[in-house]
Amino acid sequence: MFLTKKEERILEGDEGETKALAMRLLVAIGDAYDARRMIKVRSAQISGVSYKTIGEPGLEFLREFSSEGAVATVKAMLNPAGMDLARWRELGVPVEFAQKQLEIMQYFSRMKIETTCTCIPYQANGEALNREHVAWAESSAVIFANSVLGAYTNREGGPTALASSILGLSPLFGMHLDEERVPTHRVKVKCKLESDLDYSLLGYWIGETVGSHLPRIDGIHKAPSRDQLKALGASMAASGSVPMFSMRRKADRGREHETIAVDKEELLQVSRRLSSEHGFETVCLGCPHLSLGELKRVANLVSGRKTAKRLWCFTSRYLRNIAERRGYASAIEQAGGRVICDTCMVVSPIREMGVSGLVTNSCKAAHYLRSLNRMESRLMSLEECVRHALS
Amino acid sequence: MHSLRLEMKGRRVVAGQGVGEAIISKRAVSFFGGVDPTTGIVVEVGHELEGHSIQGKVFIFPRGKGSTVGSYVIYGLRKHGAAPAAIVNIETEPIIIGGCVLARIPLVDRLDSNPVEAIRTGDWVEVEGNSGIVRVTKR
């Protein structure tokens, strides 16, 4: 790929070994995917933050990589960590785990990376704008950025997003190019979607069916809310590796080569496969992290009542602070629920925290709880989840 | 009796030279959860290489899969002296590329014949990461 003189010099080590390593990484990826050149990115969002997922190899890498003084040169944000960085003791996170997680956070801070840990950076002071190029790693944020915000990002990994945060660059290929952002599959939705869970189930089915292709979703007549689009994209990017979807009414430039139809029966089948029948004692909401609107919905449902089961609501610290000012957080906590920041049910050491199975409204969570934690979950809508916690 | 030699031409992805005994996986490999970063032993339950070590060998498999944390596992292998000498893929992807750059492991893909079929576990393999040439001495 073409490199500018300045990029060549970085590659040769003129600005230090860490920057050279970051550049080698992006150039190797760029060459493998026939990128023409680098493009400047406005922000980077880095995955691989929880000690549970990156373990000792990740921790050792970050220790070494952060030790030579390289710092982020663009806005850099993190995916959820393995615990609430303030309230981990109260929530039963083992001390040895917490020490490792805090060590990881130090290495990120040393690189001037913001320690707002969230999978919805676009609702935590990290908005990506229409036609803006970014390098984000969280798959649900990538699909939301490309499809809803109109920003441009590939599905980055932890190491490439970290390299992009240091260099402010990403190789120009894939979702950074308009000609690649054209739907290939038309998905005809034949049923009415009622709850947030229906959007999550639909996304899961689409991801399984189209794999890594770009679907255009047709037949949803009422414009979905941002919360519904978040649920739709998150499960699509978990069951498949879909980087972007479209909801335009008309096909784009005749690239669609397949039409697939989905009805209530397909959604029921996804639910039957993913959801347990068991009435678990823990309810977890917030995969992806709860928006302010969703926190308000939970607060309204529990206000003045008492939970009979554990109710854990995961969000960013940024949104929790706002939810506190508006009284949503205290309404949930006074009812016996918890508004937990910086982490989620998938990347925290949830078994060690005393959970053996859970109820949630997210197909993405159910998918990863099964594959990464060998844990079963039951799927319900947000309202049903809260009612379950109260009963 | 002369040993049979083969030469294949592929694409350089990560430069460098690596020589060793071949170890083949016919299936895609997830380093995250699949390989112990401290020993180089394949730990994925039910994997055809479960219990075998990739340390010092030329590791040949179709492609990477799974979490991008796999790149850190490949880096961990290097830190613990358990890295493979080189990696050859049918078609590589960013997890393996990232890991090989961080760990300085030569990486070649898109060979002119299928390496998973043409090479057998135990063959002697020389990988020229710079030119993309892979030389095999059959055993």
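No lab work stands behind these numbers, since they all come straight from the coordinates. Please read these numbers as outputs of a predicted model, since none were measured by experiment. Neighbour counts run over all protein chains shown; Cβ positions are idealised from the backbone, glycine included.
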Exercise for the section: Convert each backbone phi in region B:106-122 into a coupling constant with the Karplus relation 6.51 cos²θ - 1.76 cosθ + 1.60 (shift: θ = phi - 60°), then list the ³J(HN,Hα) values in order as whole Hz, x for Gly and Pro. Expected result: x, 9, 10, 9, 6, 6, 6, 9, 5, x, 5, 8, 6, 10, 10, 3, x
Handout entry: Residue-span extension gain [residue A:374 to residue A:103] - 0.36 nm each, minus C-alpha spacing
Key = 94.8 nm
Problem - Per-residue average of Cβ from other chains inside 10 Å of A:37-48 - result: 1
Fill in the blank from the handout: In vacuo Debye sum over C-alpha of the protein assembly as shown, base-10 log of normalised intensity I(q)/I(0) at q = 0.08, 0.09, 0.11, 0.13 Å⁻¹, listed in q order, is -0.52, -0.66, -0.98, -1.33
Fill in the blank from the handout: Partner shielding of B:96-108, taken as the mean number of other chain Cβ atoms within 10 Å, equals 4
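Provide a whole-number value for the mean count of partner chain Cβ atoms within 10 Å of the Cβ atoms in peptide B:64-77.
Values: counts 0, 0, 1, 7, 12, 11, 4, 10, 14, 6, 3, 7, 8, 1.
Per residue, the average neighbour count from other chains is 6.
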Completion exercise
Residue separation between residue A:391 and residue A:259 times 0.36 nm, minus their alpha-carbon distance, gives in nm 43.2 nm
Handout entry: Cα→Cβ-extended label distance, 7 Å offset, between residue B:7 and residue A:222, nm
Key = 6.9 nm
Problem - Under the Karplus curve 6.51 cos²θ - 1.76 cosθ + 1.60, θ = phi - 60°, whole-Hz ³J(HN,Hα) for region A:31-41, x wherever Gly or Pro sits - result: 4, 5, 9, 6, 5, 6, 6, 8, 10, 6, 10
Exercise for the section: Please list the non-local residues whose amide H lies under 5 Å from the amide H of residue B:35, H modeled 1.01 Å from N, same-chain partners needing a gap of 5 or more. Expected result: B:43
Problem - Listed residue (B:60, B:28, B:92) projecting farthest to the positive dipole end of region B:5-137, Cβ model - result: B:92
Problem - Most fluctuating residue given options A:11, A:285, A:311, as computed from a GNM of chain A linking Cα atoms under 10 Å - result: A:11
Exercise for the section: Please express the shape of chain B as an equivalent ellipsoid: the semi-axes are the square roots of 5 times the eigenvalues of the C-alpha gyration tensor, given largest first in whole angstrom. Expected result: 22, 16, 13
Exercise for the section: Taking H placed 1.01 Å from N in the peptide plane, check which residues at least 5 places from residue A:76 or on another chain put their amide H under 5 Å from its amide H. Expected result: A:44, A:114
Handout entry: Theoretical gain in end-to-end length, residue A:190 to residue A:334 [0.36 nm per residue, Cα-Cα removed]
Key = 47.6 nm
Problem - Value at 222 nm in deg cm²/dmol, rounded to 500, when DSSP H runs of n ≥ 4 in the protein assembly as shown each add -39,500 (n - 2.57) - result: -10000 deg cm²/dmol
Problem - Over 32 Å between alpha carbons, listed pairs A:75/B:65; A:112/A:230; A:190/A:364; A:52/A:192 - result: A:52/A:192
Problem - Alpha-carbon Debye profile of region A:43-172, log10 I(q)/I(0) at 0.11, 0.18, 0.22 Å⁻¹ - result: -0.36, -0.92, -1.26
Practice task
Could you give me the percent of Cα pairs per 10 Å distance bin for region A:17-101, shortest bin first, beginning at zero and ending with the bin that holds the maximum distance?
Solution key: 14, 36, 33, 13, 4, 0
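Taking the Cβ of residue B:40 as the centre, find all other residues whose Cβ is under 12 Å away and add up their charges (Lys, Arg: +1; Asp, Glu: -1).
It works out to a net charge of +2.
Can you figure out the FRET efficiency of residue A:321 with residue A:64, using R₀ = 30 Å and their beta-carbon distance, to the nearest 0.05?
So, using R0 = 30 Å, E works out to roughly 0.35.
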Practice task
Take every DSSP beta bridge whose two residues both sit in region B:5-137, then give the antiparallel share in percent to the nearest 5.
Solution key: 65 percent
Handout entry: Ellipsoid semi-axes in whole angstrom, largest first, where each is sqrt(5λ) of the Cα gyration tensor of region A:345-391
Key = 19, 12, 8
Completion exercise
In whole Hz, the Karplus estimates of ³J(HN,Hα) for region A:73-88 (6.51, -1.76, 1.60; θ = phi - 60°; x where Gly or Pro) are 10, 10, 4, 10, 10, 10, 6, x, 8, x, 6, 5, 5, 9, 10, 4
Handout entry: Dipole magnitude of the protein assembly as shown, debye to nearest 20 (Cβ charges: Lys/Arg +1, Asp/Glu -1, about Cα centre)
Key = 980 debye
Problem - Radius 10 Å from Cβ of residue B:76, net charge of other residues (Lys, Arg +1; Asp, Glu -1) - result: -1
Handout entry: Total charge dipole magnitude, region B:36-128, about the Cα centre, Cβ charges on Lys, Arg, Asp, Glu only, Debye to nearest 20
Key = 360 debye
